[in-house]
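The values are calculated or read from the model by the stated rules, or taken from the named source; none is laboratory data. What you see is a predicted model; the values in this text were computed from it and never measured. Positions of Cβ are generated from backbone atoms using ideal geometry, with glycine treated the same way; all protein chains shown enter the neighbour counts. Just so you know, the surface numbers come from the protein's heavy atoms only, side chains and all, with ligands and any DNA or RNA stripped out. Shrake-Rupley method; radii C 1.70, N 1.55, O 1.52, S 1.80 Å.
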Amino acid sequence: MQLINPSDVQHRIESLKDQELYIHLEMTTGAYAAHLDSTKHPAANFITNALIRFTHGSIAGNGPYRVGLKMQQGWVYSEGLTHIDQNETERLILAGHDSQGKLIVSLQLSREPF
């Protein structure tokens with residue numbers, strides 16, 4: 001994974017708008033590691049292979065970044081993003097890693113299920 005280049009991500013977001021897409025959205029603040037460190041609050045969110053269609057999408061911030069996707073009936077929002085999988089050409093795979101390199105947040109969009 002590479003550090004996010006906001007203009008590259010914005011271009012990729014634009015290429016996916018107004019299409020039926022599968023989304024994977026995940027966030028954890030230590031839920032996987034809470035059993036090793038009782039100071040971590042075990043919070044997490046996870047959704048995968050849900051279908052969405054967004055009409056407007058944007059990336060903002062100075063790093064870590066946030067992405068918002070405006071749908072007909074609401075929003076998808078992800079904050080704390082730091083990296084992109086540049087090897088993916090058909091899917092948009094974004095992740096946010098903490099200072100130790102651990103995954104904190106992931107936002108992924110694809111025309112095919114994950």
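Derived scalar couplings between HN and Hα for segment 75-92 equal 10, 10, 9, 9, 10, x, 7, 10, 10, 10, 8, 6, 6, 7, 9, 9, 10, 9 Hz in order, rounded to whole Hz, by the Karplus curve 6.51 cos²θ - 1.76 cosθ + 1.60 (θ = phi - 60°), x for Gly and Pro. Computed from the C-beta positions of residue 100 and residue 19 and an R0 of 25 Å, the FRET efficiency is 0.10 to the nearest 0.05. Taken per residue, the accessible surface of the chain reaches 60 Å², heavy atoms only and a 1.4 Å probe. Using a probe radius of 1.4 angstrom, the carbon and sulfur fraction of the accessible surface of the chain is 50%. GNM on the chain, alpha-carbon springs under 10 angstrom: the most fluctuating residue among 47, 93, 23 is 47. Between residue 71 and residue 111, the distance separating the two model label sites (each 7 Å from Cα on the Cα→Cβ line) works out to 2.0 nm.
Here the spin labels are modelled as points 7 Å beyond Cα on the Cα-Cβ line, and at residue 86 and residue 3 they lie 1.2 nm apart.
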